[in-house]
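A.B. asks: The structure that follows is given in the form of structure tokens.
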């Protein structure tokens with residue numbers, strides 16, 4: 001059985017340092033996928049993958065690479081859906097798992113929010129600041145996901 005691999009939708013990922021720590025502890029490779037050259041640690045388990053700046057190029061790369069042995073880290077709901085369909089484990093940077101049961105409602109909510117933003121312009125603001133609790137929840141969720149894949153569950 002192949003080793004698990006962590007695939008990171010990295011352009012706006014706020015938990016890259018946490019990903020490295022957990023992956024190194026478990027000796028799991030990490031692929032940092034982005035449209036631009038991001039700084040990554042010089043470590044044998046970390047691979048930087050720079051894709052074209054085409055629309056959804058990073059998402060396409062991750063979706064094509066995702067397997068049942070992958071853990072995909074993304075806040076992008078549509079990429080999460082594609083990765084789930086490939087059999088991957090998918091986590092948001094908050095540690096919240098995307099599952100086959102939760103992805104449909106998440107896509108519907110995304111569509112509603114897009115409609116609201118279109119009607120209100122930029123008056124809605126962005127997401128709340130990333131909290132220490134979310135970072136901690138993410139660390140626990142990633143650790144659990146890696147352990148489960150390593151055990152073959």
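A.B. asks: Give me the distance between the Cα centres of the stretch 39-108 and the stretch 16-30, rounded to whole Å.
C.D. replies: 16
A.B. asks: What is the stretch 33-78 by shape, rounded, prolate or oblate, if you read a ≥ b ≥ c off the alpha carbon gyration tensor as root eigenvalues and call it rounded for a/c under 1.5, prolate for a/b larger than b/c, and oblate otherwise?
C.D. replies: oblate
A.B. asks: Sticking with this structure for a sec: Which order, highest average first, do 95-102, 130-137 follow once you tally other Cβ atoms within 10 Å for each residue and take the mean per peptide?
C.D. replies: 95-102, 130-137
Every read-out reported here was derived from the displayed coordinates using simple, explicitly stated rules and does not represent laboratory data. All values derive from a computational prediction rather than experimental measurement. Neighbour counts are summed over all protein chains in view; Cβ atoms, including those assigned to glycine, are modelled from backbone coordinates with ideal geometry.
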